[in-house]
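Written out below as C-alpha cells is the structure these notes cover.
The values are calculated or read from the model by the stated rules, or taken from the named source; none is laboratory data. What you see is a predicted model, and the numbers here were worked out from it, not measured in a lab. Heads up, the Cβs are rebuilt from the backbone with ideal geometry, glycines too, and the neighbour counts pull from every protein chain shown.
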Amino acid sequence: MRKVFFLAAIAALSASCLKIGDPVIIDIRESYLAGPGLFVLNEGNFRSGNGSLSFFSYDSSKLYNKTFLAANQRALGDVPYSMDFIGNEAYIVVNNSGKVEVAGRYDLKSKATIDNLTAPRYISFVTDKKAYITSLYSDSVTILDLASKSVSGYINMKHPSEAIAATLSQAFIAHWAGGNKIFVINISDDTVVDSVEVGMEPESMVIDVNNTLWVLCNGGWQREHFAELIGINIQSHNIEKQYTFPLITDSPSCLQIDGPGENLYYILGGVRKMNIYATGLPQSTFIPGLNRNFYKVAINTVNSDIFVTDASDYQNKGSLLWYNRQGGLLSEMEADIIPGGMCFKLETSPVIQ
C-alpha cells in the first residue's frame with residue numbers, strides 16, 4: 001500500500017522544483033520514520049560532536065533534520081559517516097566518536113552503543129550473525145557479533161581499510177589512504193585469501209549484474225597519480241576492465257550503482273553516469289555541479305531516483321538535492337551541517353501497513 005503513496009509523491013513533484021525548509025517534528029514515533037525514505041548522515045564540525053541524522057520522507061516529500069536527537073534526546077556524536085540495516089535495526093557508524101549506534105529501523109530508538117572502535121568507516125553484514133567494520137587508522141577489520149552486539153574478533157589486514165563490498169562467500173575490502181590494493185576475505189573463516197593491486201587510493205566499490213567488482217581509485221590526495229575506474233572479476237580476481245581519467249587533477253569519488261546493476265554513478269564536476277558496457281569514461285556530466293559542492297550521491301534501487309548532498313563550505317549547513325532518473329531536479333532541501341553519506345529505507349513499518 002505504501003508503494004502507491006511513494007510513487008504518487010514522485011509524480012506530484014516531477015513537474016517542478018521545490019526548495020523546502022526544515023519541517024517541524026511533531027511525533028517521531030508515528031510519523032515519517034515509519035514510511036519509506038532516505039537517511040542523510042550530517043557529519044557536523046570535526047571534534048564538535050554535532051553530527052546528526054536527517055530523514056527524507058517519500059510520504060511527505062520533506063526532509064526532517066536532527067531525527068536521532070528527537071528520538072533519543074541526545075546527540076548522535078562526532079562525524080556520523082555511514083549507515084546500514086539488518087532486520088529491524090539500523091547500525092550508524094560514527095567515525096570520530098569511535099562507535100556504532102544501534103537503533104530501531106522504524107523509530108531510531110537507541111538499542112545499543114558499540115564503542116571503543118578505532119576510526120570506524122563502513123559496516124557490512126556479511127552473514128545474519130556477523131558484520132565487518134572497516135577502519136581508517138587501524139590495521140585490522142573489526143568482526144562484530146550481531147547477537148551480542150559486541151566485538152568478537154579482528155582480521156589483521158596490516159593496512160587501514162575503507163570501502164567494503166561482499167558476496168555470500170567473499171568480502172572485498174579497500175586499502176584507501178595511501179594504498180592501492182583490494183583485499184579478499186573468506187567470510188567463513190575471516191581470513192585474508194588474496195589481494196588485487198589497483199590504482200592509487202581505491203575509495204569506493206560496487207558489484208554489478210555480471211558480478212564484476214567496480215573500484216573507483218581517486219589517484220591520491222596529492223594528485224601524483226591518475227585516477228582510475230577498474231573492473232575485477234570476483235571469481236578469478238583478475239582485472240578485466242581499466243579506465244584512466246584524462247587529467248591528473250581529476251579526483252572522482254563516491255561510486256554507486258542502480259538497482260538493475262547496469263549503470264554506474266560517481267561525482268566528478270557533478271554527477272556522471274556510465275553504463276557498465278560502455279567502452280570509455282563519460283565525457284560530460286549527467287547532472288552538472290554548477291556552483292554546488294557535491295559531496296555524496298545515492299541511487300534509489302527501486303525507481304533510480306538520484307540524491308546528492310551539497311556540503312556547501314564544509315563548515316555550515318548544506319543541502320539535499322533530489323533528482324529523477326533523467327537528471328531533472330525535483331527538490332532542494334536544507335540539511336544539517338556537512339551532509340554526507342546516505343542510506344535508503346524503502347519499506348514501510350509492518351506495524352502500520
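Looking at SER82, is it under 15 Å from GLY37 (Cβ atoms) and modelled with pLDDT of 95 or more?
Numbers: under 15 Å from GLY37 (Cβ atoms): no; modelled with pLDDT of 95 or more: yes.
It is false that SER82 is under 15 Å from GLY37 (Cβ atoms) and modelled with pLDDT of 95 or more.
Select from the range 284-306 the residues that are touching a Phe, Trp or Tyr at 6+ places or on another chain (Cβ under 7 Å) and either acidic (Asp, Glu) or assigned to a strand (DSSP E or B) (or both) and list them in ascending order.
ILE287, VAL297, ALA298, ILE299, ASP305, ILE306
Of the conditions (1) closer than 24 Å to GLN222 by Cβ; (2) among the aliphatic types (A, V, I, L, M); (3) more than 19 Å from the chain's Cα centre (by Cα); (4) surrounded by 13 or more Cβ atoms within 10 Å (Cβ to Cβ), ALA278 fails just one. Which one is it?
The one condition ALA278 does not meet is (1).
Of a type in the set (Phe, Trp, Tyr) and more than 29 Å from GLU89 (Cβ to Cβ), is that true of TYR323?
Yes.
Which number in (1) closer than 27 Å to LYS345 by Cβ; (2) hydrophobic (A, V, I, L, M, F, W, C); (3) buried (at least 19 other Cβ atoms within 10 Å of the Cβ) marks the one condition that MET157 misses?
Here MET157 meets the rest and fails (1).
For the structure I just gave you, tell me whether GLU228 is in contact with a Phe, Trp or Tyr (Cβ under 7 Å, 6 or more places away or on another chain) and within 22 Å of ALA119 (Cβ to Cβ).
Values: in contact with a Phe, Trp or Tyr (Cβ under 7 Å, 6 or more places away or on another chain): yes; within 22 Å of ALA119 (Cβ to Cβ): no.
So GLU228 fails the test.
State whether one or more residues within the range 146-154 are modelled with pLDDT of 95 or more, closer than 20 Å to ILE86 by Cβ and under 18 Å from the mean Cα position of the chain (by Cα).
no
I'm checking my understanding of the structure. Among residues of the range 127-145 that are surrounded by fewer than 22 Cβ atoms within 10 Å (Cβ to Cβ) and of a type in the set (Val, Ile, Thr), which one is nearest to PRO80 (Cα to Cα)?
This residue is ILE143.
Has the range 76-95 got any residue that is over 18 Å from GLY340 (Cβ atoms) and of a type in the set (Ser, Thr, Tyr)?
no
For the range 142-155, which residues satisfy the criterion of being hydroxyl-bearing (Ser, Thr, Tyr) and not in a loop (DSSP other than H, G, I, E, B)?
THR142, SER150, SER152, TYR154
If a residue has to be among the small types (Gly, Ala, Ser), within 19 Å of the chain's Cα centre (by Cα) and farther than 27 Å from LEU346 by Cβ to count, how many in the range 281-324 make the cut?
Matching residues across the range 281-324 total 1.
TYR106 - would you say it is within 28 Å of GLY37 (Cα to Cα), among the aromatic types (Phe, Trp, Tyr) and assigned to a loop (DSSP other than H, G, I, E, B)? Step through it out loud before you land on a result.
On the way: within 28 Å of GLY37 (Cα to Cα): yes; among the aromatic types (Phe, Trp, Tyr): yes; assigned to a loop (DSSP other than H, G, I, E, B): yes.
Spelling it out, TYR106 is indeed within 28 Å of GLY37 (Cα to Cα), among the aromatic types (Phe, Trp, Tyr) and assigned to a loop (DSSP other than H, G, I, E, B).
List every residue pair whose Cβ atoms lie under 6 Å apart, where the two residues are 6 or more positions apart in sequence or sit on different chains, the first residue falls within the range 281-305 and is without any contact (Cβ under 8 Å) to a residue 24 or more places away in the chain, and the second residue, located anywhere, is among the acidic types (Asp, Glu) and assigned to a loop (DSSP other than H, G, I, E, B).
none
Give me the pairs: first residue in the range 310-339 and free of Cβ contacts under 8 Å to residues at least 12 places away in the same chain, second residue part of a strand (DSSP E or B) and of a type in the set (Asp, Glu), beta-carbon distance under 7 Å, and six or more apart or on different chains, which are they?
none
Sort out which residues of the range 235-278 are in a strand (DSSP E or B), under 23 Å from VAL184 (Cα atoms) and in contact (Cβ under 8 Å) with a residue 40 or more places away in the chain, and write them in order of number.
ILE239, SER253, CYS254, LEU255, GLN256, ILE257, LEU264
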